[in-house]
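> The structure's right below; bear with me while I get my questions together.
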Amino acid sequence: MNQKAKKQLINQINIYRSVLILLIICLFAAFLSKSFLNISNLFNVFKQVTVAGIIGCGMTFVILTGGIDLSVGSILGLSGVIASGVLASTGNTFLAVITAVAIGTACGTANGFFISHCGIPPFIATLGTMTLLRGCVLIYTKGSPIPVKSDAYKFIGKGSVLGVPVPVIILIILFLAAHYILTQTRFGRSIYALGGNREAARLSGISVKRTEWTAYIINGFLSGVAAVVLTARLGSAQSTSGQGIEMDAIAAVILGGTSLSGGTGFVLPTVVGAMIMGIIDNILTLMNVNPHATSIVKGSVVLIAVLVDKKVKDLSAKAE
C-alpha cells in the first residue's frame, strides 16, 4: 500500500470514528433527557456550535501544519468588541463586519509572522498574543459590554433563510470552501506536505514559510467571521467573549480525526467534532449539571481524543 492510499485509509477511519462517536453521544443524550430530541432544542444546538465550528475550521488548517493557535478566543473577542464599537458609532453594518474580519485577519497575520519568520514555537507565540489581545479587549471595553442595536447586524446571528439559521448557512459555506481548498488546490496539498514532513516539503520546492503563514492568516480571518456571528447572536460584545473557545475548537478538530502532529486529517469531520462538543454542553445543561462540571467533561474528552489519536498513529506506523 502506497503512502497516498494509507492516508486515504486513515482519513476514512477518522471520519467513521467521529460519526460513530456522534451517534453514540446522541443516543446517550436522548436516553438521559426527553427534551434533547425536541426540534427547538436541536436548532439551539446547531446555532451554538456554529461559532466553535467556524473557529475549528480555521484551526484545522493550523493543526494540519503541525501547529496550534491558543489565541483564537482573544482574536474573536477583540474583533467583536471593536466591530460593535464601530457599529455603535456609525450604524454601518457592512463597515462593522469588514472591521471584525480585518482585525481577525491582521491578528492571524501577526501570529503567522512570529511563527513562520521569527521561528517562535506556535504554542509560545499564540499564548503570548492570547494574553496581549485579551488585555486589549479589557482596555477597550473597560469591562463593560457593548450593545448591538442594528437589526441588520443581528440578522447575521439570529436570522434564518427558508427556515435554516443564517449562522448554519455561513458554517456550511465556509466548510465547503475549506474542503475545496484543502483537497483541490496546490496550497491544500502544501498544507498536508508541511504537516507530514517539513524538511521534505522544503526540498520538494514548497515555500514552507509562506504556507505556514497563510494557514494562520486563514485562521485569523475565520476568527473574525466567528466574532461577527457571536456578537450578532448575543446582541452585544462582551469583554469575556471567546474565552475558552480555543479548547472547543481544538477538541472539535481532534474529534474530527485531524492528527495533532499534522499532515493527516480532513476538514469536514471537524463539524462533527463541534457537534459532539455542543451536544455535551447541551445535555449537561438539560440535566441541570453544575456549569463548572462542563470543563471537567470537556477536558476529559480532549484527553481521550488525544489518546485515541496516538493509538491510530501507532497502528498506522506499525502498518508501514
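The values are calculated or read from the model by the stated rules, or taken from the named source; none is laboratory data. All values reported here derive from a predicted model rather than from experimental measurement. As a convention, Cβ positions derive from the backbone with ideal geometry for all residues, glycine included, and neighbour counts pool all protein chains shown. Note: areas computed on protein heavy atoms with side chains; ligands, DNA, RNA excluded. Shrake-Rupley method; radii C 1.70, N 1.55, O 1.52, S 1.80 Å.
> Which of the peptides 297-308, 102-113, 61-72 is most tightly packed, and how do the rest follow, going by the mean number of other Cβ atoms within 10 Å of each residue? Intermediate results must be reported in sequence, preceding the final value.
Numbers: 297-308: 15.2, 102-113: 22.9, 61-72: 27.2.
So the order, starting with the most tightly packed, is 61-72, 102-113, 297-308.
> Quick check on the chain: helices-only [θ] at 222 nm, where DSSP H runs of length 4 and up contribute -39,500 (n - 2.57) each and the sum goes over total residues. Nearest 500, please. Walk me through the numbers before you get to the answer.
Working: 13 runs with 248 residues, N = 320.
Value at 222 nm, helices only, nearest 500: -26500 deg cm²/dmol.
> Go ahead and set up a Gaussian network model of the chain, Cα springs under 10 Å, then flag whichever of Gly273, Gly85, Gly56 fluctuates most.
Maximum fluctuation in the GNM of the chain, among the listed residues, is at Gly85.
> Over the chain, what is the mean sequence separation of C-alpha contacts under 8 Å (at least six apart), divided by residue count, expressed as relative contact order in percent?
On the way: 546 pairs, mean separation 108.6, N = 320.
That works out to 34 percent.
> Compute the FRET efficiency between Val308 and Asn92 as 1/(1 + (r/R0)^6), taking r as their Cβ-Cβ distance and R0 = 45 Å, and round to the nearest 0.05.
Details: r = 47 Å, r/R0 = 1.05.
Efficiency for this residue pair is about 0.45.
> What list of ³J(HN,Hα) couplings, whole Hz, do you get for region 193-201 from phi and the Karplus terms 6.51, -1.76, 1.60, once you set θ to phi - 60° and write x for glycine and proline?
5, 4, x, x, 7, 4, 5, 5, 5
> Something else about it: Quick one: 3J(HN,Hα) in Hz for region 28-35, Karplus 6.51/-1.76/1.60 with θ = phi - 60°, rounded, Gly and Pro as x.
After applying 6.51 cos²θ - 1.76 cosθ + 1.60, I find 5, 5, 5, 5, 6, 9, 5, 6 Hz.
> Leu70's amide H: which non-local residues (gap 5+, or another chain) put their own amide H closer than 5 Å, with H modeled 1.01 Å from N in plane and none for Pro or chain starts?
Amide H neighbours of Leu70: Thr126, Leu127.
> Let me ask something additional. Build a GNM of the chain with springs between Cα atoms under 10 Å: which of Cys57, Cys118, Cys26 gets the top mean-square fluctuation?
Cys118
> Can you put Tyr140, Tyr192 in order of accessible area, largest first, using a 1.4 Å probe? Don't skip to the end; give the middle numbers.
Working: Tyr140 105, Tyr192 40 Å².
Sorted descending by solvent-accessible area, the residues read Tyr140, Tyr192.
> So, one more: Near the amide H of Ala237, under 5 Å away, which other amide H atoms are found, from residues 5 or more places off or on another chain, if H is placed in the peptide plane?
Under 5 Å from the amide H of Ala237 lie the amide H atoms of Ile146, Val148, each far enough along the sequence or on another chain.
> Might you work out the accessible area of Ile206 for me, using a 1.4 Å probe with all protein chains in place, and round it to the nearest 10 Å²?
The accessible area comes out at roughly 40 Å².
> How large are Rg and Dmax for the chain when calculated on the C-alpha trace, in angstrom?
In Å, with Rg to one decimal and Dmax whole: 19.3, 61.
> Sorted by accessible area (1.4 Å probe), largest first, how do Arg233, Arg210 line up?
On the way: Arg233 60, Arg210 160 Å².
Ranked from most to least accessible, the order is Arg210, Arg233.
> Using a Förster distance of 35 angstrom, determine the FRET efficiency expected from the C-beta separation of Ser295 and Arg186, and round it to 0.05.
Details: r = 41 Å, r/R0 = 1.16.
So the FRET efficiency works out to roughly 0.30.
> Keeping all protein chains in place and using 1.4 angstrom, which order do Leu138, Leu230 fall into by accessible surface area, from largest down? Intermediate results must be reported in sequence, preceding the final value.
Numbers: Leu138 85, Leu230 20 Å².
Order by accessible area, largest first: Leu138, Leu230.
> Quick one: with all protein chains in place, what share of the accessible area of the chain is carbon or sulfur, to the nearest percent (1.4 Å probe)?
68
> Once phi is turned into θ = phi - 60°, what whole-Hz ³J(HN,Hα) does the Karplus curve with 6.51, -1.76 and 1.60 give for every residue of region 269-281, x standing for Gly and Pro?
The phi angles translate into x, 4, 4, 4, x, 5, 5, 4, 5, x, 5, 4, 4 Hz.
> When all protein chains stay in place, what accessible area (Å², nearest 10, 1.4 Å probe) is found for Met287?
Surface open to solvent at Met287 totals about 80 Å².
> Can you give the accessible area of His117, probe radius 1.4 Å, in Å² rounded to 10?
80
> Hey, can you find the accessible area per residue of region 7-129 for me, probe 1.4 Å, expressed in square angstrom? All intermediate terms of the calculation are to be shown ahead of the outcome.
Details: 5160 Å² over 123 residues.
Here the residues of region 7-129 average 42 Å² of exposed surface.
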